[in-house]
Amino acid sequence: MKIVIVGAGVAGAILARRLARLPGVELHCLERVGPDDHAEAGTGLNVGPNAIKALRRLDAALAAEVEAASLPWTRWDIALTDGTPLMALPLAQVADNPGIRIRWSELYRVLRQGAGAAIRYGCTLESVGASETAPGKTRVRFTQHGATHEIDGIDLLVGTDGRYSRVRETFSGAPEPRHIGVAILRVLVPDTSAGLVDDYGQWFSGCHRLLAFRVPPDHVYIAATYPVAPGAPVQDAWKTEAVMRATYQPAQGEASPAVRWLLDAMCAQLHDAHWARMQEADVRFAEPEVDVLYLGDSAHGMAPTLGQGATQAMEDACAAALIVEDAWARGQRTPRVWLDRIVAARTERLRFVMDLSVRATDTMLEGADPVAGTRWKTEAPFQAELAALFRDVALGVPDDASAQAGAATTSAAAMPAA
Ligand SMILES: Cc1cc2nc3c(=O)[nH]c(=O)nc-3n(C[C@H](O)[C@H](O)[C@H](O)COP(=O)(O)OP(=O)(O)OC[C@H]3O[C@@H](n4cnc5c(N)ncnc54)[C@H](O)[C@@H]3O)c2cc1C
């Protein structure tokens with residue numbers, strides 16, 4: 001059984017670690033960057049309680065490593081930029097366990113180390129397509145250290161190559177992005193706040209929102225939003241200190257101490273800021289004619305409002321690993337059966353998460369009232385949806401089956417070296 005995973009990011013690294021254990025699987029996980037690439041060092045992530053719940057269930061040891069490299073995400077506080085509180089939500093009210101706050105580069109480091117020798121670094125994909133010799137199977141061609149390699153007759157090809165997935169583009173065309181109407185600036189700054197900023201907080205000035213939280217070691221991640229007409233470009237005029245400070249001043253009174261510190265810290269790093277426009281893209285987990293699976297950003301573009309991009313990539317990978325391990329333990333060796341189970345387990349879940357992420361963006365749209373927009377988030381219907389988001393992970397296997405499948409594969413083969 002030949003399995004190729006393209007991309008060892010969040011989803012790919014988790015899946016590679018698990019599938020490398022299956023006896024009889026020839027696994028190749030091809031990653032473009034080198035083992036010490038820190039391209040994402042400048043970003044922090046809040047990863048939802050649902051991803052940690054899923055990872056603990058799949059792989060307690062890996063979950064412990066991820067949690068050790070992070071801080072717990074336990075609160076969601078919302079205020080106006082003058083400090084007037086609007087919402088104070090302990091996540092324990094809507095989740096079974098905390099989420100995490102972590103540097104993106106740290107998450108990659110821990111997950112890639114966990115997959116050990118299963119990942120082949122420095123592999124640049126040249127082409128991918130249907131196999132010419134075996135119906136339903138696929139082939140990839142790639143270069144590594146200047147040499148070209150080809151793998152043909154692939155039983156299962158997994159595209160975990162992120163938002164601009166070459167695999168998905170080849171088989172079904174690049175997904176059409178839908179702009180949500182919000183531009184977002186993100187920056188990671190040294191933590192000199194002396195405790196003013198710690199767990200996940202948001203501060204509104206009209207529809208403009210600051211978001212911040214502390215991540216280890218000693219940094220604060222800050223995101224600032226501007227409404228922008230869907231499809232319109234991010235305006236250069238916003239990228240100046242004067243505009244940024246004016247945007248987040250309260251309509252009346254003084255900015256709170258936390259907001260003053262955030263503005264100082266953000267403006268000192270404006271040259272380093274990452275700007276993007278919020279967007280989403282349709283869900284597609286599998287190809288119908290060839291045995292190709294997508295997970296994470298390649299399967300669904302996600303509005304970032306609820307921090308569900310990496311979170312759902314983790315949930316996806318946990319579900320896929322549990323389903324394949326469960327099938328493997330039962331002797332089911334037909335990738336199409338696995339794909340059908342993954343599609344059935346994940347599609348509606350993703351539609352719900354994407355829809356909720358877009359609806360929760362209401363307070364950041366042009367002309368929005370943050371007070372009214374926050375009020376409905378404190379009410380029972382939204383909190384029930386949050387509880388469904390954070391608690392009802394959709395993994396596609398009954399509780400006891402994952403435990404049995406995990407035990408079977410762990411005893412059958414050693415872990416790849418860390
Ligand atoms: C600035 C920013 C902030 C974010 N904040 C959050 C947050 O707070 N919470 C959250 O949950 N999500 C957040 N996200 C989203 C999150 O980072 C992504 O959703 C997540 O990384 C998706 O995981 P993935 O495994 O699908 O893809 P990725 O993590 O993007 O991994 C894709 C991998 O594929 C490799 N690759 C790509 N093309 C090829 C190729 N042709 N050949 C070989 N390898 C290839 C890449 O090098 C990479 O390692 C944020 C994103 C950005 C940009």
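The values are calculated or read from the model by the stated rules, or taken from the named source; none is laboratory data. Note that the coordinates shown come from a computational prediction; the quantities given were computed from them, not determined experimentally. Using ideal geometry, Cβ is built from the backbone for each residue, glycine included, and neighbour counts are taken over all protein chains shown. Accessible surface areas use protein heavy atoms only, side chains included; no ligands, DNA or RNA. Shrake-Rupley method; radii C 1.70, N 1.55, O 1.52, S 1.80 Å.
Assorted remarks:
- Straight-line cross-link partners of Lys377 among the lysines, defined as a Cα under 24 Å from its Cα and at least 8 positions apart when in the same chain: Lys53.
- Simple Cβ-charge dipole of region 33-125, Lys/Arg +1 and Asp/Glu -1, about Cα centre, in debye nearest 20: 240 debye
- Per the Debye calculation on region 235-385 with a single equal scatterer at every Cα and no solvent contribution, log₁₀ I(q)/I(0) for q = 0.08, 0.16 Å⁻¹ amounts to -0.38, -1.00.
- Its alpha carbons considered, region 143-206 gives a radius of gyration followed by a Dmax of 21.2, 57 Å.
- Gyration tensor verdict on region 107-148 (Cα atoms; rounded if a/c is under 1.5, prolate if a/b is larger than b/c, oblate otherwise): oblate
- Here is the tail figure for region 124-241: Cα pairs spaced more than 20 Å apart come to 65 percent of all pairs.
- Point-to-point label distance, Arg330-Ala68, nm (Cα→Cβ direction, 7 Å offset): 3.5 nm
- Taking a ≥ b ≥ c as the square roots of the eigenvalues of the Cα gyration tensor, an a/c ratio of 1.5 or more together with a/b no larger than b/c marks region 198-275 as oblate.
- The residue among Val358, Leu263, Leu295 whose Cα reaches farthest toward the positive pole of the charge dipole of the chain, with charges on the beta-carbon of Lys, Arg, Asp and Glu, is Leu295.
- Neighbourhood net charge (13 Å Cβ-Cβ; Lys/Arg +1, Asp/Glu -1) for Ala147: 0
- Charge dipole of the chain about the Cα centre (unit charges at C-beta), most positive-ward option of Ala229, Leu107, Leu386: Leu107
- Dipole moment magnitude, nearest 20 debye, region 276-322 about Cα centre, only Lys, Arg, Asp, Glu C-beta charged: 240 debye
- Among Met244, Met302, the sequence by solvent-accessible area, most first, with a 1.4 Å probe is Met302, Met244.
- Sparse-neighbourhood loop sites, GluC sites (Glu not before Pro) in region 223-315 - DSSP loop, at most 10 other Cβ within 10 angstrom: Glu289
- Put simply, the C-alpha atoms of region 22-152 give a gyration tensor, and the ellipsoid matching it has half-axes of 39, 18, 15 Å, longest first.
- Cα shape, region 1-74, gyration tensor, a/c 1.5 rule: oblate
- Over region 284-351, the hull volume per residue, using the convex hull of the C-alpha atoms, is 71 Å³.
- In this structure region 1-47 gives 32 Å² per residue of accessible area when probed at 1.4 Å with all protein chains present.
- For region 201-296, a crude dipole built from +1 on the beta carbon of Lys and Arg and -1 on the beta carbon of Asp and Glu, taken about the Cα centre, is about 500 debye to the nearest 20.
- Expressed as a fraction of 2.2 N^0.38 Å, the C-alpha radius of gyration for the chain is 1.00.
- Counted by Cβ distance under 14 Å from Tyr164, the other residues give a net charge of 0, where Lys and Arg count +1 and Asp and Glu count -1.
- Å³ per residue enclosed by the Cα convex hull of region 90-168: 165 Å³
- Fraction of accessible area attributable to carbon and sulfur, the chain (%, probe 1.4 Å): 52 percent
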